[in-house]
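Read the structure below first, then the notes.
The values are calculated or read from the model by the stated rules, or taken from the named source; none is laboratory data. Values in this document were obtained by computation on a predicted structure and should not be read as measured data. We place every Cβ from the backbone using ideal geometry, glycine too, and count neighbours over all the protein chains shown. Surface areas here come from the heavy atoms of the whole protein model, side chains and all, with no ligands, DNA or RNA. Shrake-Rupley method; radii C 1.70, N 1.55, O 1.52, S 1.80 Å.
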Protein chains: 2
Amino acid sequence: MKLLFVLFSSLFLNAYFYFCLFLHHHHHHQRPPSLGWTGSAATEAEAVAAINCSGHGRAFLDGVLAGGGLPVCECNKCYYGSDCSQLLHDCPADVDSGDPMFLEAYWQQQAASSAVVISGWHRMSYSTDGKDYLSIELEKHIRILHQVVGNAVTDGKFIVFGSGSAQLINALVYALSPSNASSSPASVVASVPYYPFYKKQTNLFETRAYGWGGTTSSWANASVSSATNFIEFVTSPNNPDGLFKQPVLGSSAVIFDYAYYWPHYSPILDPADEDVMLFTNSKISGHAGSRFGWAVIKDEGVFERTANYLSLNTMGVSRDTHLRVLKLIKAMIAEKGGKGDIFEFGHRTLKARWSKLNELVSSSSRFSLQQHSARYCNYFRTIRDPSPAYAWLKCEWKEEDVCHEALRKGSIISRSGALFEADSRYTRLSLIKTQDDFDLLLKRMQPLVSHEEMASS
Amino acid sequence: MKLLFVLFSSLFLNAYFYFCLFLHHHHHHQRPPSLGWTGSAATEAEAVAAINCSGHGRAFLDGVLAGGGLPVCECNKCYYGSDCSQLLHDCPADVDSGDPMFLEAYWQQQAASSAVVISGWHRMSYSTDGKDYLSIELEKHIRILHQVVGNAVTDGKFIVFGSGSAQLINALVYALSPSNASSSPASVVASVPYYPFYKKQTNLFETRAYGWGGTTSSWANASVSSATNFIEFVTSPNNPDGLFKQPVLGSSAVIFDYAYYWPHYSPILDPADEDVMLFTNSKISGHAGSRFGWAVIKDEGVFERTANYLSLNTMGVSRDTHLRVLKLIKAMIAEKGGKGDIFEFGHRTLKARWSKLNELVSSSSRFSLQQHSARYCNYFRTIRDPSPAYAWLKCEWKEEDVCHEALRKGSIISRSGALFEADSRYTRLSLIKTQDDFDLLLKRMQPLVSHEEMASS
């Protein structure tokens, strides 16, 4: 009997092991049965992701190697140490750039649905499956994304991809400029306060066909010959102040930059339906490092000139990035309306930041902020609280007429209003960087708005 | 006894299953024990890689979906059908473009060492760990690659990355042009036959500081004012004819394009040590679709102007591509001198193609090819047979003075010599596309060189 018991136990164990080995593996998603050539890349990526950087940094696969062959932690500003656990004393809060790092935490939560394996032979060719170096599936999913969010009409319009909207800004300026050499050059203009990159880039790349024309207000007040060609940039919601904008010169060519017309930053009103619309993935998924943006273009001639520019500039956008952005957009679409909705995450995060900063600033007469009110949003189907990407801060004290410098004395690095051709009483604070950056901003603002500081000033 | 036998067998099986389940897994590299968030991406990539395209195509993760949710096969030219097994009748051999697809088979063999997992939160920031949007590790490995191959001296020089060498061509022209607005514009020149992209791109992007100046021969014969600023492109080995070239105008600024100065295509003589050197990963690893190239620059001022151009054009190169190219370069370095040496693979493949085409063409008086001889190569440390990227074919018959058209009638699509500003008796045949493209080229050439065809012509 004992022997029989042992035998049955053993047979049972056999069956159990057999099940584990052959059946379980075939049905369990996390352990694919025949992981072959992807195995070492997957193991390597998981090992790097598991490196502890104390929540104040992260390690990357292509980072500089520390001892032991693994990459070092790359720490958030003001944090240091091998695991980023140390906070530098007297480190200034750096809220200068529009680096969209507030979304990093989102993607760390969505690790499984956003990872992508690039095989060694992935799309080596100059050609893709679509025309003009575009991936068919990616273009399709970009149209779906606009449909799902309701922020732009893409039906019957052409789409081009750029290495960030940065590349597309000049490509569109080129495409909208007179192709006839005898025409007078187009004047590229924008309304104050405007994103400084438009001017910097146009000045560097200007040709006989176009050049920077200054601010719209300088033209509106002058007597303008009707022969002047304008290319007007309209950023809406605007960078830096988050306000909705319209063209003011009645220009024949307008580039609508909708970088911030997404539910993280703005209520979605009617879908935009303009002839030339510019978007950047940097401000949607937050992947600024991927350098991916797109333009939606109504006119076929403008589309073809833009595509020709992109072809001769870089022969299209990296196909590696095509694949990654497709995966990210698919993940964003799949999570729409659910607990993992990126727009919900983005709005919740920025709303909290805006409301904290607003509360702090309101407690003082030294500073003021732009006004935003709660508005109905077609995406959330409810009234939403404001959540702008930037605070457009004004120094109210008479003697602090260069606001950026006043903040710098208080250990806050901001972007001066002068760069936006606005009054230097204004300065821009970025609210879309890491949580550490924002927390430090609040900490550094605190003494500036407190009564003790006011008295000592 | 029987019972005991069954029991022992059963216990033995238990031990075996136990070993398989717990020990094997922990020590076998291909099956990581705790594959977590990378699991579904890895499974997905392997499923797509396993799609059967008959060796005449491949499926990609971001391809258009067929029934069943998996992407379709994307077939080589002239092949069709859901598994690319059908050959189109009367399909022309297309050897027009310099698409480096001959290396696809190499990377399919190196699947495990070349795959890379990109996490959802990989390098989202505008910044990288290096300056000017460069990855420190990637720049370091590019220098190691040049050291290992022995084709260029990078010590004491600066490196910039571009979205392919395409982007760098204009960036360098900009950087080498007079920055002083009162200077006369620089004339961008090249020697016939030259890569047509130099002219096309310069014409599109010309500014007040530079413009296309034509061929060097037109300047050498004219009386040139010493005040003329030249920017001379020197491609060596040259595209299309594979010959080593030197600058001819004594220009103050020369851009040495070393796209083909790699052991696949060329013997490696002394390492190049010029002030401005251009390289493209498209022709090294074969990843044209990744859009990655670099320039090695001696002068700090030129480097800074180039970096500024790249910053305002695209804010650097996709960080996704940084990661992938690093993995590819690491794999190439690791295999150096071994059985998986990519340069050995590349040279072997192109040597065989050149020798077959040469043999066929030599059998006829209708065509001739450029001459290459075996030369000592510092990389292989032996005399190597020629293996040029392109055949520069000449039509010898008096009546066939547009060679490209003569071939077109024989169902061969080539790139006309006229595009290189050479005699249209010449045309370029690309030898670096897929094996299918090359095989079809030979098949279509056969009747053209045969005596029957000659008589009927």
- Message: Cβ-Cβ distance below 8 Å, separation of 6 or more or different chains: which pairs start in the range A:335-351 with a residue that is more than 12 Å from A:VAL149 (Cα to Cα) and end on one that is part of a helix (DSSP H, G or I) and open to solvent by 70 Å² or more (accessible area, probe 1.4 Å)?
- Response: A:GLY340/A:GLN109
- Report yes if B:SER285 is crowded, with 24+ Cβ neighbours inside 10 Å, at pLDDT 95 or above and within 24 Å of B:THR382 (Cβ to Cβ), otherwise no. yes
- Task: Give just the number: which of (1) within 30 Å of A:GLY417 (Cβ to Cβ); (2) facing chain B (nearest Cβ under 9 Å) does A:GLU74 not satisfy?
- Result: (1)
- Only one of B:THR202, B:THR228, B:THR207 is open to solvent by less than 50 Å² (accessible area, probe 1.4 Å), assigned to a helix (DSSP H, G or I) and polar (S, T, N, Q); which? B:THR202
- Pair list, Cβ < 7 Å and 6+ apart or interchain, from the range B:131-149 residues that are within 10 Å of chain A (Cβ to nearest Cβ) to residues that are of a type in the set (Asp, Glu): B:SER135/A:ASP62; B:SER135/B:ASP129; B:ILE136/B:ASP129; B:GLU137/A:ASP62; B:LEU138/A:ASP62
- Message: Within the range A:331-353, take every residue that is open to solvent by 40 Å² or more (accessible area, probe 1.4 Å) and charged (D, E, K, R) and give me the one that is farthest from the other protein chains (Cβ to nearest Cβ).
- Response: A:LYS351
- Message: Suppose the filter is within 14 Å of chain B (Cβ to nearest Cβ), closer than 30 Å to B:ASN281 by Cβ and either surrounded by 24 or more Cβ atoms within 10 Å (Cβ to Cβ) or hydrophobic (A, V, I, L, M, F, W, C) (or both); does A:LEU328 pass it?
- Response: yes
- For the range B:173-200, which residues satisfy the criterion of being farther than 19 Å from B:THR216 by Cα and within 14 Å of chain A (Cβ to nearest Cβ)? B:TYR174, B:ALA175, B:SER179, B:ALA181
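Give the range A:250-264 a look and list any residue that's in a loop (DSSP other than H, G, I, E, B) and out of contact with any Pro (no Cβ under 6 Å at 6 or more places or on another chain), or say none.
If the condition is that a residue be in a loop (DSSP other than H, G, I, E, B) and out of contact with any Pro (no Cβ under 6 Å at 6 or more places or on another chain), then A:GLY250, A:SER251, A:SER252, A:TYR258, A:ALA259, A:TYR261, A:TRP262, A:PRO263, A:HIS264 are the ones that fit.
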- Query: Can you find even one residue in the range A:257-272 that is among the hydrophobic types (A, V, I, L, M, F, W, C), surrounded by fewer than 23 Cβ atoms within 10 Å (Cβ to Cβ) and at positive phi?
  - Reply: no
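Just checking: which of the helices (runs of 4 or more DSSP H) contained wholly in the range B:73-163 hold 3 or more residues that are open to solvent by 30 Å² or more (accessible area, probe 1.4 Å)?
Passing ranges, in order: B:104-109, B:136-149.
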- Note on the structure: Exactly one of A:ASP385, A:ASP401 is over 13 Å from A:LEU429 (Cα atoms) and surrounded by 15 or more Cβ atoms within 10 Å (Cβ to Cβ), and that one is A:ASP385
- Any chance A:LEU350 is under 17 Å from the mean Cα position of the chain (by Cα) and in the same structural domain as A:PHE438 (by the TED database): yes
- Message: I'd like to know if the range A:370-377 contains one or more residues that are under 26 Å from A:SER218 (Cα atoms) and not in a loop (DSSP other than H, G, I, E, B).
- Response: no
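Here is a yes/no grid of residues against (1) within 30 Å of A:ILE432 (Cβ to Cβ); (2) of a type outside the set (Lys, Arg); (3) in contact with a strand residue (DSSP E or B) (Cβ under 8 Å, 6 or more places away or on another chain):
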position	(1), (2), (3)
B:SER127	yes, yes, no
B:GLU137	yes, yes, yes
B:ILE142	no, yes, yes
B:HIS146	no, yes, yes
B:VAL153	no, yes, yes
B:SER179	no, yes, no
- Message: Restricting to the range B:367-406, count the residues that are within 22 Å of the chain's Cα centre (by Cα) and not charged (D, E, K, R).
- Response: 14
- Message: All but one of (1) touching a residue at least 24 places away in the same chain (Cβ under 8 Å); (2) farther than 25 Å from A:GLY286 by Cα; (3) within 14 Å of chain B (Cβ to nearest Cβ) hold for A:ASN170; state the number of the condition that does not hold.
- Response: (2)
- Task: Tell me which residues, restricted to the range A:407-443, are over 21 Å from the mean Cα position of the chain (by Cα), in contact (Cβ under 8 Å) with a residue 24 or more places away in the chain, surrounded by fewer than 23 Cβ atoms within 10 Å (Cβ to Cβ) and part of a helix (DSSP H, G or I).
- Result: A:ARG408, A:LEU442, A:LYS443
- Task: Kindly indicate whether B:SER218 is out of contact with any strand residue (DSSP E or B) (no Cβ under 7 Å at 6 or more places or on another chain), farther than 30 Å from B:PRO100 by Cα and open to solvent by 10 Å² or more (accessible area, probe 1.4 Å).
- Result: yes
- Item | Flag for A:GLY286 being within 14 Å of chain B (Cβ to nearest Cβ) and either out of contact with any strand residue (DSSP E or B) (no Cβ under 8 Å at 6 or more places or on another chain) or farther than 23 Å from A:SER163 by Cα (or both) | yes
- Message: Taking the criterion of being free of Cβ contacts under 8 Å to residues at least 60 places away in the same chain, touching a strand residue (DSSP E or B) at 6+ places or on another chain (Cβ under 6 Å) and of a type outside the set (Gly, Ala, Ser), would at least one residue in the range B:370-380 satisfy it?
- Response: no
- Listed residues B:PRO386, B:PRO447; which is at pLDDT 95 or above and in a loop (DSSP other than H, G, I, E, B)? B:PRO386
- Message: Among (1) part of a loop (DSSP other than H, G, I, E, B); (2) within 14 Å of chain A (Cβ to nearest Cβ); (3) within 18 Å of B:SER177 (Cβ to Cβ), there is one condition B:PRO247 misses while meeting the rest; what is its number?
- Response: (2)
